[in-house]
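A short write-up of the structure that comes next.
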Amino acid sequence: MGTRPLLNRRLHGLGTTIFAEMSALAAATGSINLGQGFPDTDGPREIAEAAARAVLDGRGNQYPPGPGIPELRQAVAEHQQRFRGLAYDPDTEVLVTAGATEAIAAALLALLEPGDEVIALEPFYDSYAACIAMAGAVRVPLTLRAPDFRPDLDRLRALITPRTRLLLLNSPHNPTGLVLNAEELAAVAALAVEHDLLVVTDEVYEHLVFAGAHHPIAALPGMRERTVSISSAGKTFSFTGWKVGWVTAAAPLVAAVRTAKQYLTYVSAGPFQYAVAEALRLPDGYYADFRADLLRKRDLLAAGLAAAGFRVFNPEGTYFITTDITPLGEKDGIEFCRTLPERCGVVAIPNAVFYDDPDAGRPLVRFTFCKRVEVLEEAVSRLSRI
Ligand code: PMP
Ligand code: GLN
């Protein structure tokens, strides 16, 4: 095959995702997996039954419509109205995707030219770097720093150049748990309007906010026509394997994203779309109970990690806790996470892999708390032995 590398230059260095690596390590060592963010309890039984019914009734077993089944697009539009006060036309302003992951890929592939600069909150969720690279664009990190991880808005202004095309936001933010507040969003929106930038906002943890509230940037003045909002059923309904996500945006933006989406997957899993349409219409009590349950788990894990000697940065949202391992006499999160399974039978994620500048995240390690209480208690007891 000659000497030319098989993997092209754009993907160079992206290797295997940390989530796959760490989940494999957990399986191989029989460790408790507090790495990859997936619940160990499935979502509501009636929603699982809705999916099974759709399969058995022959709904969605053949290619569903490219933009998503009308029932789900309608339900997404209703959900945006109900929780965010945002009105979207289900026919032209909603697009169903194969998880938020495909929505991110399609949005970036559709909206970017090679050489465009994308400013993203660092640490970034790993698929952002990969998708920006696949689009031939350039990522420009706005680094969030401990202890509060709040964005430096003067720095953001300074990062904008004539080549900046797009701001890639994520709030609630994985892995730090930051939730952008109303003032921060207003400042970001004002910069986007002033410099005529597009905004892609990943809001998959929109229902997991423990302090403050989730504010959609799309609702701010001048933002509707320039914002692509992305969410997904995986986290909100505890069915991460279903991979049903969606985009809401003004019609020209949805048309652009749809153009890329139709050549990525063409369509997304049919029967699950019927089930997610039902899930989105669950009563407010579902969403409140889900949040309350995870808040209890957050507090349990945060207290346990602190007692074990970690410095804990309590998250405002998501189901992740970022910690600093320095007080344990440790320096390197990657090394720490590689050896943690053999030391105490727990798997975590090193935040360094989410940074361009690995020094910025070196001592930070992320734990998820979307696990059963007894699993979290056992993990805490194991961690307290290190
Ligand atoms: N964005 C963020 C910030 C995430 O943490 C995840 C993982 N759920 C995704 C996107 C991917 O979502 P999905 O599983 O719906 O593709
Ligand atoms: N979003 C999940 C996390 O951050 C993982 C998703 C994935 O494995 N790509 O843990």
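At-a-glance table
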| item | result |
| --- | --- |
| Criterion: under 30 Å from V380 (Cα atoms), surrounded by 23 or more Cβ atoms within 10 Å (Cβ to Cβ) and in contact (Cβ under 8 Å) with a residue 24 or more places away in the chain - qualifying residue of T318, T227, T240, T248 | T318 |
| Residue in the range 241-259 that is touching a Gly at 6+ places or on another chain (Cβ under 8 Å) and assigned to a helix (DSSP H, G or I) present | yes |
| Among the candidates E21, E71, residue that is in a helix (DSSP H, G or I) and over 22 Å from the mean Cα position of the chain (by Cα) | E71 |
| Checking N174 against (1) within 16 Å of ligand 2 (Cβ to nearest atom); (2) assigned to a helix (DSSP H, G or I), the condition it does not meet | (2) |
| Count of the range 132-151 residues which are part of a loop (DSSP other than H, G, I, E, B) and either under 16 Å from V118 (Cβ atoms) or within 18 Å of the chain's Cα centre (by Cα) (or both) | 7 |
| Out of A110, A120, sole residue that is open to solvent by 10 Å² or more (accessible area, probe 1.4 Å), closer than 14 Å to V200 by Cα, touching a helix residue (DSSP H, G or I) at 6+ places or on another chain (Cβ under 7 Å) and not acidic (D, E) | A110 |
| Boolean, A277 is open to solvent by less than 20 Å² (accessible area, probe 1.4 Å) and within 19 Å of R165 (Cα to Cα) | no |
| Of residues in the range 177-196 being part of a loop (DSSP other than H, G, I, E, B) and free of Cβ contacts under 8 Å to residues at least 40 places away in the same chain, the one farthest from A137 (Cα to Cα) | N181 |
| Flag for A352 being closer than 22 Å to T17 by Cβ, of a type in the set (G, A, S) and part of a helix (DSSP H, G or I) | yes |
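A quick yes/no check of all residues on (1) within 16 Å of ligand 2 (Cβ to nearest atom); (2) of a type in the set (S, T, Y):
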| site | (1), (2) |
| --- | --- |
| L111 | no, no |
| A120 | yes, no |
| Y128 | yes, yes |
| D148 | no, no |
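The values are calculated or read from the model by the stated rules, or taken from the named source; none is laboratory data. Quantities reported herein were computed from a predicted structural model and do not represent experimental measurements. Every residue, glycine as well, gets a Cβ built from its backbone with ideal geometry; the counts of neighbours run over all protein chains shown. Side chains are part of the model used for accessible areas, which takes the heavy atoms of the whole protein and leaves out ligands, DNA and RNA. Shrake-Rupley method; radii C 1.70, N 1.55, O 1.52, S 1.80 Å.
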